[in-house]
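To keep things clear, I will list the structure first and then write my remarks on it.
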Amino acid sequence: METKRIVEEPIGKPTSRVDGRLKVTGGAKYAAEYDLPDLTYGVLVTSTIANGRIRSFETKAAENVPGVLAVMTYKNAPTVPGYQKEVDPAQKRVAGQELRLFFDDKIHFSNQPVALVIADTFEKATYAASLIDVAYDQQTHHTELEANLSKAYRPEKPDDYSRGTADAYKQASVRVEQEYHIPIHVHNPMEPHAATAVWEGDDRVTVYNKTQGYRWLRRIFSNCLPCRRKTYVFIRRLWVGRSVVRRGYGRRKWLR
């Protein structure tokens with residue numbers, strides 16, 4: 001008996017997304033919309049220059065706003081495991097591998113986070129953040145790629161992964177070479193950058209985050225969170241939740 005496989009072609013036919021109605025009607029619950037008791041809120045202050053160093057902060061006005069709990073900069077930020085050296089010796093740290101926020105006074109790009117205001121309401125944190133004054137020693141930044149190719153930096157990285165024959169295309173019988181220039185395309189996700197974290201004891205934290213890789217995010221958190229014994233260990237129970245099915249191309253890879 002011959003069995004025929006029936007394949008329905010989706011092209012030209014309407015397709016309903018499972019979470020589509022929730023998203024377009026405002027019913028989807030995102031990471032910043034968990035109304036949990038005793039939450040505090042953090043608002044970032046970002047750099048106004050693209051290259052240089054931070055000379056000084058003026059944070060007194062922000063700190064005096066009622067409801068503000070703390071103002072964090074690289075000068076008073078807690079030590080983060082893995083910033084100074086790798087947590088796992090098998091995962092070697094290399095220069096430029098990852099951005100370390102509130103680590104030093106260097107500005108690498110425009111709008112780089114330089115301070116974090118923590119308050120008991122989002123509105124108070126937002127207002128206090130607007131009162132922080134940051135002085136910079138500005139250096140020249142360069143945005144023309146082709147004009148600065150001679151100054152290009154070759155980043156350090158772990159050993160290359162290789163498979164097959166290197167540069168096999170050079171041995172092809174036919175080669176087509178062409179240079180293309182395409183315009184910049186910027187995507188605008190429906191969900192803004194946000195994360196909600198809730199401590200539930202010394203060894204458990206629940207995190208609601210916009211992410212497309214929650215297992216990877218669990219590993220990142222486990223490397224960054226210290227235990228109470230002053231020895232950095234993996235958090236025994238870390239749960240990362242997401243309530244809405246998300247797609248890529250929405251700035252969902254990194255923790256926000």
Q: Quick one: in the range 130-189, of everything that is touching a helix residue (DSSP H, G or I) at 6+ places or on another chain (Cβ under 9 Å) and either hydroxyl-bearing (Ser, Thr, Tyr) or at pLDDT 90 or above (or both), which residue is farthest from Phe109 (Cα to Cα)?
A: Thr165
(Q) I need a count of the residues in the range 37-68 that are open to solvent by 50 Å² or more (accessible area, probe 1.4 Å), more than 14 Å from Ala115 (Cβ to Cβ) and not charged (D, E, K, R). (A) 5
**Q.** Meets criteria (surrounded by 10 or more Cβ atoms within 10 Å (Cβ to Cβ), touching a residue at least 40 places away in the same chain (Cβ under 8 Å) and of a type in the set (Phe, Trp, Tyr)) for Tyr214
**A.** no
Q: Please report, ordered by residue number, the strands (runs of 3 or more DSSP E) entirely within the range 28-94 with at least 3 residues that are over 30 Å from Gln212 (Cβ atoms), acidic (Asp, Glu) and at pLDDT 95 or above.
A: none
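The values are calculated or read from the model by the stated rules, or taken from the named source; none is laboratory data. The structure displayed is predicted, hence computed values, not measured ones. Cβ: placed from backbone, ideal geometry, glycine included. Neighbour counts: every protein chain shown. The area values use the complete protein model at the heavy-atom level, side chains included, leaving out ligands, DNA and RNA. Shrake-Rupley method; radii C 1.70, N 1.55, O 1.52, S 1.80 Å.
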